[in-house]
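Report on one structure; see the data block that follows.
Values quoted throughout were computed directly from the atomic coordinates according to the rules given, and no laboratory measurement underlies them. Predicted model, so just to flag it, every value in this text is computed and none were measured. Cβ atoms come from the backbone with ideal geometry, glycine included; neighbour counts cover every protein chain shown.
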Amino acid sequence: MTDGESAPQPLDRNLALHLEGSVVNGLEKWQVSTGLTLTYDRWMTEGRTRAPVAVVLVKGPQLPPLKIILKACPPERLTSREPRLHAQALSGSPSEFVNRHLVDQPFETIECEDKWRVLFQSIAGDSLRLVRPLSSVLQDEGLPELVEYVAKSLLQGWNPEFDTRKVTPYELLRSDLGSKVDRNGPLAKFMQEQGIADTTWVRFSSDLGAVVPNAILWALDSSLWPPETEGFWAHFGHSHGDLHPGNVLIQVDPAPRANDFRLIDLSAYMPNGSLAKDLAHLYLSVIGEHLSSNPVRRKNLLALALGDSQPSSLELRGLREVVARVRRVGAAWQASTMKSRQDDWNDQTALALVAGGLEFVGLRNLGLSQRLWFLQLSCVALGRYLERQNLNTPPADPATVRVVGPLVDPEIELAVERLAERCGDFKGTRSVVAVLMADLSPAASERASKFPWTAVMSFDPELDTTGSLAAARQVSGRVHRLIVSVR
Ligand SMILES: Nc1ncnc2c1ncn2[C@@H]1O[C@H](COP(=O)(O)OP(=O)(O)O)[C@@H](O)[C@H]1O
Ligand SMILES: [Mg+2]
């Protein structure tokens, strides 16, 4: 150390403990050069997250104490871009939208030695108690309205001006998906894992009669699109790029209201993204929260995401309303801004659904069964798009087409489906359903009788007198009663 250079002030131990060495170094130098000190308040992220987020108190001689958010962004491509893209959104968006719906950066980003960056942000709405992610009110009956408000602001408030240009469907899918459709990106990898890397058409076990395009391949390979494919006029402008309910902060107390919502986590921000993309991503991520392995639930949610107007259960009505409202906001916006462009907007939103589904397929930390559901959604949505454009030319015989994902025994699937219908869709808690056959061996019946059932439903009331239900009574002394027989 040379004369006159002050010793770096050690970073608050509570922060240093969970941050990379280079980030700690960077922050210590920052403390020296600014004369400010950072004091730990709390972590906003848990465990081994890629980008730790903390609330810190900043103190300095010229500064009243200030509580802010500190986010350490790792060098990986997507997250490392966040400080730059956030700054770009702040400088390039309409000022009213910036003031109301983005958070500012009270200090410049710190560039650390091994490409880690530290992003400082103001606390959204100045309160961590009153302002919470939209994901914390997903069960609220006002959710459709909240989502509608956000969707409307994105189009009207964030994009009073936008760019309209002619694109082919393939170009739009590529622009929506960005690096996800790189040759060695997550989608290509997923195709390989599922053994469908060269498969233009696929089927899914829940609908074996339907042949649909392999949406990943169609987004990767331009040669699949027939030469007669027509382009259309699409709208581009500010888009968040990762608009899920965890990244929209709203006031939750005394009651949820979206008027002053804030968008955070702008690591996928685009100044010229497709304007239909955020809308699809928002309602798909809300639907994604309700996905389960129950085949009935999966079918219902698929129909709901595709906007099919079949009757849905009371429980799913709120979700249906979320999708309907977002779609209506988009349609009303295009009608008021671009008369006679309805066909083009329909094309753009249809492809946003395809790309939106694929975004989730590309998420490696999502469970396989969820990724497959999103893939099915994208493939069905793309199939419908091709159909409308008269571009759909699937092989005539479905039996020759590869089935993606595990093949579920149709009998078991039917059994679970009927059971689920009887139960009016399981919800909230996790349910394990055992499908027992009457001809289990006595030993198997005895074993089955030991499980701690909470409800007994039977397709075959005989089970109650002869099979494992009877064994439960005789061998294990369990008290249970057949509550419903499903025919
Ligand atoms: N500016 C902010 N104001 C208030 N809370 C914030 C802010 N930034 C982040 N958070 C909180 O931290 C959580 C994680 O931040 P986020 O930037 O979304 O990180 P990740 O990249 O892990 O998704 C958010 O869900 C939110 O609760
Ligand atoms: Mg986030």
- Whole-Hz couplings from phi, Karplus 6.51/-1.76/1.60, listed for the range 188-200; x for Gly and Pro: 4, 4, 4, 4, 4, 4, 8, x, 10, 4, 10, 9, 6
- Which residues qualify? For LEU102, with a placed amide H closer than 5 Å and at least 5 residues away or on another chain, they are LEU263
- Residues HIS235, HIS240 arranged by fewest to most Cβ contacts within 10 Å: HIS235, HIS240
- Message: Can you tell me the orientation of helix 295-306 relative to the chain, as the angle in degrees between its alpha-carbon axis and the longest Cα principal axis, to the nearest 10?
- Response: 50 degrees
- Item | Extent along principal axes [Cα atoms of the range 125-210; Å; largest to smallest] | 50, 36, 28
- Message: Helix 82-92 against the longest principal axis of the chain: what's the angle in degrees, Cα atoms only, rounded to the nearest 10?
- Response: 70 degrees
- Least to most buried among ASP344, ASP308, ASP176 (fewest other Cβ within 10 Å first): ASP308, ASP344, ASP176
- Query: Mind checking Rg over Rh on the range 13-122, alpha carbons, Kirkwood formula for Rh?
  - Reply: 0.96
- Query: How would you rank TRP30, TRP233, TRP116, going from fewest to most other Cβ atoms within 10 Å of each one's own Cβ?
  - Reply: TRP233, TRP30, TRP116
- Query: Mean residue ellipticity at 222 nm from the helices of the chain, using -39,500 (n - 2.57) per DSSP H segment of n ≥ 4 over the full residue count, to the nearest 500 deg cm²/dmol?
  - Reply: -12000 deg cm²/dmol
- Query: On a 0 to 90 degree scale, rounded to 10, what angle separates helix 342-361 from the longest Cα axis of the chain?
  - Reply: 90 degrees
- Rg/Rh for the chain, where both radii come from Cα atoms and Rh is the Kirkwood radius: 1.04
- Note on the structure: The alpha-carbon pair-distance distribution computed for the range 131-410, with 10 angstrom bins and whole-percent values, is 6, 30, 37, 22, 5, 0
